[in-house]
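Taking it in order: structure first as structure tokens, then the write-up.
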């Protein structure tokens with residue numbers, strides 16, 4: 001090969017590399033597939049195992065959204081294909097499945113799994129892949145502080161889960177405010193932060209201290225325990241004004257049954273971990289679930305986009321009598337993702353993440369405006385399960401009913 005021909009080839013190669021670099025620099029990535037190929041949205045849920053009840057609410061919301069979006073023409077003019085694997089409520093299984101979603105399925109957009117325990121296990125995988133993790137499935141202030149590619153739809157993080165209850169206490173006349181607290185906490189990364197807070201801030205113990213309440217009982221328990229009789233007997237013996245259980249759905253139901261069986265009757269009882277009272281299984285507890293407080297993000301009485309339609313869908317398709325917190329949160333994160341994709345006309349992960357900064361998104365849980373770490377300003381509702389349904393009892397401007405006190 002002569003020197004002139006070699007020079008021409010070198011110039012052509014450099015020009016091609018320059019064009020490639022320029023195209024990458026624009027970040028105008030609408031996916032590696034052709035416009036006729038679907039956009040793949042992927043994730044996992046614990047459709048079996050400990051987290052099946054909560055995960056079913058997420059899956060119903062996801063199905064509602066993808067059917068609605070595809071009926072309206074899809075995203076960026078392309079149909080959406082939803083791939084949700086069953087991680088069996090197991091962190092190791094979830095890790096394997098997210099590797100599959102990224103490396104084999106070629107997922108364009110990733111949804112988070114349910115629970116901090118499972119979600120924390122897959123964050124390093126999505127981070128290495130440079131993917132935004134659209135997170136309606138778990139909360140963790142610590143993970144947000146470490147990874148700015150996590151985007152939440154929950155307007156309160158783990159260290160703030162007890163806050164609605166203590167804000168409600170502030171609305172009571174001084175003479176009616178509780179003075180003592182018994183607390184039981186599941187040995188789970190999520191609930192432990194609900195208890196102690198994050199970097200010394202918030203958390204149930206700090207809220208109690210600020211309110212001048214004595215913590216008369218504070219004990220952890222195995223989340224997979226099948227008998228908590230001894231634990232509840234010890235809590236009952238302290239005769240507290242308030243009983244708080246920081247639990248996940250299955251153990252939360254077990255604790256409620258045991259409280260009822262042991263005739264433990266504090267003035268206030270909050271299942272202030274997972275949002276259990278809005279799950280369809282809570283009404284199965286009968287009297288044991290009655291007058292128990294919890295939290296949620298949104299309620300059909302609010303005029304939030306898609307919320308009423310989702311509630312109707314859940315009732316018609318799954319016989320859900322009330323809006324589960326996980327349904328609203330699951331729809332909201334997809335609404336944020338949809339607005340970001342359409343707003344950027346792109347699937348480029350950095351562009352999508354940057355698009356959130358300084359913008360407000362209309363969702364099923366209200367208007368969301370993001371902090372730099374992907375979290376949101378605090379906002380929550382305090383619920384109480386009364387007879388066969390939930391009432392919102394705080395904040396006052398959203399209340400649908402008044403609290404029943406004492407518990408029984």
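Coordinate-derived values only; no laboratory data. Keep in mind the model is a prediction, meaning the values are calculated, not measured. Here the Cβ is made from the backbone with ideal geometry for all residues, glycine too, and neighbour counts use every protein chain on show.
When the Kirkwood radius is taken over all Cα pairs of the stretch 44-104, what Stokes-Einstein diffusion coefficient follows at 37 °C and 0.692 mPa s, in µm²/s?
Working: Rh = 12.6 Å.
Reported coefficient: 261 µm²/s.
The Cα-based radius of gyration of the stretch 131-200, divided by its Kirkwood radius, gives an Rg/Rh of 1.08.
Taking 30 Å as R0, compute the FRET efficiency from the Cβ-Cβ separation of residue 142 and residue 397 and round it to 0.05.
With a Förster radius of 30 Å, E is 0.40.
One decimal place: the segment residue 199-residue 312 gains 36.6 nm when fully extended, by the rule 0.36 nm per residue minus the C-alpha distance. Projected onto their three principal axes, the Cα atoms of the stretch 130-258 cover extents of 52, 38, 21 Å, largest first.
How far, in nm, would the chain grow between residue 48 and residue 68 when pulled straight, counting 0.36 nm per residue and subtracting the alpha carbon separation? Before the final figure, lay out the partial values.
Values: separation 20, 0.36 × 20 = 7.20 nm, distance 2.60 nm.
That works out to 4.6 nm of additional length.
Calculated FRET efficiency, residue 227 to residue 170, Cβ-Cβ distance, R0 = 35 Å: about 0.45 to the nearest 0.05.
Between residue 263 and residue 76, what length comes free when the chain is fully extended (0.36 nm per residue of separation minus the Cα-Cα distance, one decimal in nm)?
Result for the pair: 61.6 nm of gain on full extension.
Determine the distance separating the Cα centre of the stretch 83-129 from the Cα centre of the stretch 256-307; give it in Å without decimals. When both Cα centres are located, 29 Å separates them. Return one number: the angle in degrees, 0 to 90 and rounded to the nearest 10, between the long axis of the Cα atoms of helix 91-103 and the longest principal axis of the Cα atoms of the chain. Approximately 20 degrees, to the nearest ten.
Each peptide in 313-323, 61-71 gets a packing score, the mean of other Cβ atoms within 10 Å over its residues, and the list from highest to lowest is 61-71, 313-323. Spin-label model, residue 321/residue 92: points 7 Å from Cα along the beta carbon direction are separated by 4.0 nm.
Among 324-330, 127-133, how do they line up from the highest to the lowest mean number of other beta-carbon atoms within 10 Å?
Values: 324-330: 29.9, 127-133: 18.1.
Answer by packing, highest mean first, reads 324-330, 127-133.
Peptides 223-233, 38-48 ordered by packing proxy, namely the average of other Cβ atoms within 10 Å per residue, highest first: 38-48, 223-233.
Once the mean of 1/r is taken over each pair of separate Cα atoms and inverted, the stretch 255-362 shows a Kirkwood hydrodynamic radius of 16.4 Å. Quick check: the angle from helix 52-71's long axis to the longest principal axis of the chain, C-alpha only, nearest 10 degrees? The answer is roughly 40 degrees.
Our helix-only sum for the chain, with -39,500 (n - 2.57) per DSSP H run of n ≥ 4 divided by its residues, gives a mean residue ellipticity at 222 nm of -12500 deg cm²/dmol.
Could you work out how far helix 325-344 tilts from the main Cα principal axis of the chain, as a 0 to 90 degree angle to the nearest 10? The angle comes out near 20 degrees.
Apply the a/c threshold of 1.5 to the C-alpha gyration tensor of the stretch 176-241 and tell me whether it is rounded, prolate or oblate.
Oblate, because a/c is 1.5 or more while a/b does not exceed b/c.
DSSP beta bridges confined to the chain are antiparallel in about 35 percent of cases. Annotation for the stretch 350-376 versus the stretch 32-78: alpha-carbon center distance of 20 Å.
When the alpha carbon coordinates of the chain are projected onto the principal axes, the ranges are 95, 41, 37 Å, largest first.
Against the empirical 2.2 N^0.38 Å scaling, what ratio does the C-alpha Rg of the stretch 95-183 come to? Before the final figure, lay out the partial values.
Details: Rg = 18.1 Å, N = 89, 2.2 N^0.38 = 12.1 Å.
For the stretch 95-183, the normalised Cα radius of gyration is 1.49.
Tell me, what is the FRET efficiency for residue 367 and residue 192 to the nearest 0.05, using R0 = 30 angstrom and their Cβ-Cβ distance as r?
Values: r = 31 Å, r/R0 = 1.04.
Efficiency computed from Cβ-Cβ geometry: 0.45.
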